[in-house]
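A.B. asks: Mind looking over this structure? Questions follow.
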């Protein structure tokens, strides 16, 4: 009888261990796990051991990175960032969110203020001179938002007569692009540090339009359909990447591996559907990661 009791206890113990081992294998789990193993000396190992990560994102972009009622940013960029942290074994509550407006995104990476930046961050060669990009994880397109009663602005060529003012954000790709379409940059292009200020200037009739990526504008329109609308079609392609230190190839490769993984397992689409997808923007097919 004693032998049977010992065998029963051993079986129960083995079953308990099996259940515990399976408990942390949920693809949607953003709680993280400190038990993951990474190459010695890598950024991944350092972050995992520290059990914290600093992530730069925007606080004023509906659907991508906007401060919610919780006081923390919410949106697609935020969810992608949480997944990366989880794959590093770091729970979401150990993320330090750092505001990263367009004009300082390279600075916060170079100056070691953050470990990565996920902030509607278009990949381009000029930025690659200072930092490196993982991704892309989404492709947006530049567009124009106007007041609901506006009929004269139908696309970027509408600014060539020199009479209309358009607002964008300092240091952004859309700000540089729209300068190609106006008659006089000094009098027509108005720049602020956040898109919220551009939205307010449009509503207050200090400017005639706001230009940035379509998904950002759709977020503003969804929140105030009585005041704003889109004017025309997208006129650029904007591949969004995740910024990291220029020479940290191992970390960039790790993030690229995570992106490929979530493109396939459904977490990428789920993050979109729960955030920016609610504003009517199209996700499209998963982009091809550029492993340069």
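A.B. asks: Between residue 237 and residue 54, what is the label-to-label distance in nm when each label sits 7 Å out along the Cα-to-Cβ direction?
C.D. replies: It is 3.5 nm.
A.B. asks: Right, another one. In degrees, nearest 10, range 0 to 90: what is the angle between the Cα axis of helix 2-22 and the longest Cα principal axis of the chain?
C.D. replies: Result, in degrees: 10.
A.B. asks: Please figure out what share of the DSSP beta bridges in the range 70-224 is antiparallel and state it in percent, rounded to the nearest 5. Working shown, then result.
C.D. replies: Details: 4 of 10 bridges.
Of all bridge pairs located within the range 70-224, approximately 40 percent are antiparallel.
A.B. asks: How do 230, 145 line up, fewest other C-beta atoms within 10 Å first? Write out the running numbers ahead of the final one.
C.D. replies: Working: 230 14, 145 27.
Least to most surrounded, the residues fall as 230, 145.
A.B. asks: Which FRET efficiency value, to the nearest 0.05, is calculated for residue 93 and residue 36 with the Förster distance at 25 angstrom and r the Cβ-Cβ distance?
C.D. replies: E(calc), rounded to 0.05, equals 0.90.
A.B. asks: Over the Cα atoms of the range 142-230, each weighted equally, I'd like the Debye log10 I(q)/I(0) at q = 0.17, 0.19, 0.20 Å⁻¹, rounded to two decimals.
C.D. replies: Each listed q corresponds, in turn, to -0.59, -0.75, -0.84.
A.B. asks: Given N residues in the chain, what is its alpha carbon radius of gyration divided by 2.2 N^0.38 Å? Walk me through the intermediate numbers first.
C.D. replies: On the way: Rg = 22.6 Å, N = 292, 2.2 N^0.38 = 19.0 Å.
After normalising by residue count via 2.2 N^0.38 Å, the value is 1.19.
A.B. asks: Please give the calculated 222 nm ellipticity per residue for the chain, where each DSSP H segment of at least 4 residues contributes -39500 (n - 2.57) and the sum is spread over every residue; nearest 500 deg cm²/dmol? Could you put the intermediate results ahead of the total?
C.D. replies: Values: 11 runs with 104 residues, N = 292.
When only DSSP H runs of four or more count, the value is -10000 deg cm²/dmol.
A.B. asks: Which order do 179, 49 fall in if you start with the one that has the fewest other Cβ atoms within 10 Å? Show your work: numbers first, answer last.
C.D. replies: On the way: 179 14, 49 11.
Going from least to most buried by this count: 49, 179.
A.B. asks: Just want the ordering: 268, 97, from fewest to most Cβ atoms lying within 10 Å of their own Cβ. Mind showing how you got there, number by number?
C.D. replies: Working: 268 22, 97 18.
The order, fewest Cβ neighbours first, is 97, 268.
A.B. asks: Follow-up question, since we're still on this one. Roughly speaking, what % of Cα-Cα pairs in the range 205-292 are separated by over 18 Å, rounded to a whole number?
C.D. replies: More than 18 Å apart: 58 percent of the Cα pairs in the range 205-292.
A.B. asks: Along the three principal axes, how long is the range 84-178 when you take its alpha carbons, biggest first, rounded to the nearest angstrom?
C.D. replies: Principal-axis extents of the range 84-178 (Cα, largest first): 53, 30, 21 Å.
Where a number appears in this text, it was derived from the coordinates with a stated rule and is not lab data. As the structure is a computational prediction, the values presented were derived from the model and not from experiment. Cβ: placed from backbone, ideal geometry, glycine included. Neighbour counts: every protein chain shown.
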